[in-house]
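Quick notes on the structure that follows.
Nothing in this text is a laboratory measurement; each read-out follows from the coordinates by a stated rule. Please read these numbers as outputs of a predicted model, since none were measured by experiment. Backbone-built Cβ (ideal geometry, glycine too); neighbour counts: all protein chains shown.
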Amino acid sequence: MGAEDRKTVIVTGASRGIGHTTAMCFLERGWRIITCSREDTPAECKRDPNWTLHIPTDLGDSDSLTNFIDTANETLGERPLHALVNNAGMSPKTPYKERLGCLNGDLDAWREVFEINFFATLKLSRGFASALHRGKGAIVNVTSIAGHAIHPFAGSAYSISKAALSALTRELANEFAALDVRVNAVAPGEIETDMVEPEYEVLIPRIPLARMGTPADVASTIYYLCSDDAGYVTGTEIWVTGGQHLF
């Protein structure tokens, strides 16, 4: 693939877990990548010339998010953007290590969850709409199995924000179709990341494939939805759960 033929993807929450694995998945396939996260990326990753730009960003802060959009668009110039992966998310706990439920937790903490898990996706999709239109690109939102059913370890704030993100994916797909931009989502189940704690082991018997997933399982699905192979796929949410969502 020639330098001018390389596609460009933006990945949020790219310093670790699913986001970092997704960024590396695109890198290995020759894509240019622009990334953000609260932390910097590992030094060895930035040695790859296709890793175009990483911007430490707090997506829950309006000024920081706006700076990311402006800087990334300046870097793109008039070049197209071919994919936007809205991966960044948070699942906080109370000071007592409890999940944020409907009966507990400060409402400001709920607002922070929605700001990052929901509103950031809306703002980023709007902010890169023109660049995505130029690239006839794709948006992929990372939702969750917890957005569709009660989950024993996911708090209400997190689960409801992910349910809202699933609905946003549907509405974005409808409206962005006019821009020739596809919008889909992946809904991971139990994936071996830093967010998964030892108690999650009890869920494995509920998974037909009898194992937790890996970040690579999610990343490869995201890549498919951004690729030409999914050129007629929009408004879809793909389960990456090992079959756990069946029950």
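Determine the calculated [θ] at 222 nm for the chain from helices alone, applying -39500 (n - 2.57) to every DSSP H run no shorter than 4 residues and normalising by the residue count; nearest 500 deg cm²/dmol.
Working: 7 runs with 83 residues, N = 247.
One gets -10500 deg cm²/dmol as the mean residue ellipticity at 222 nm.
What's the lysine pair count for the chain at a Cα cut-off below 21 Å, pairs eight or more apart or interchain?
The result is 6.
What ranking of 156, 227 emerges when the number of other C-beta atoms within 10 Å of each C-beta is taken as an exposure proxy, fewest first?
Placing the least packed residue first, the sequence is 227, 156.
Quote the FRET efficiency, to the nearest 0.05, computed for residue 200 versus residue 111 with a Förster distance R0 of 35 Å and r equal to the Cβ-Cβ distance.
Values: r = 27 Å, r/R0 = 0.77.
The value I calculate is 0.85.
Classify segment 104-247 from the C-alpha gyration tensor, please: rounded if a/c falls under 1.5, else prolate or oblate depending on whether a/b exceeds b/c.
oblate
What is the packing order of peptides 63-73, 160-170, taking the mean over residues of other C-beta atoms within 10 Å and listing the highest first?
Sorting 63-73, 160-170 by mean packing, highest first, produces 160-170, 63-73.
What is the helix-to-structure angle for 17-28, meaning the angle in degrees between its Cα long axis and the longest Cα principal axis of the chain, kept from 0 to 90 and rounded to the nearest 10?
In the chain, helix 17-28 runs at an angle near 30 degrees to the longest axis.
By how many degrees, between 0 and 90 and to the nearest 10, does the Cα long axis of helix 215-226 differ from the longest principal axis of the chain?
50 degrees
Restricting to bridges with both residues inside segment 3-246, how much of the DSSP beta-bridge set is antiparallel, in percent to the nearest 5?
Approximately 5 percent, going by the DSSP bridge assignments.
Segment 1-91: which GluC sites (Glu not before Pro) are DSSP loop and have at most 14 other beta-carbon atoms within 10 angstrom?
Those satisfying the criteria are 39, 78.
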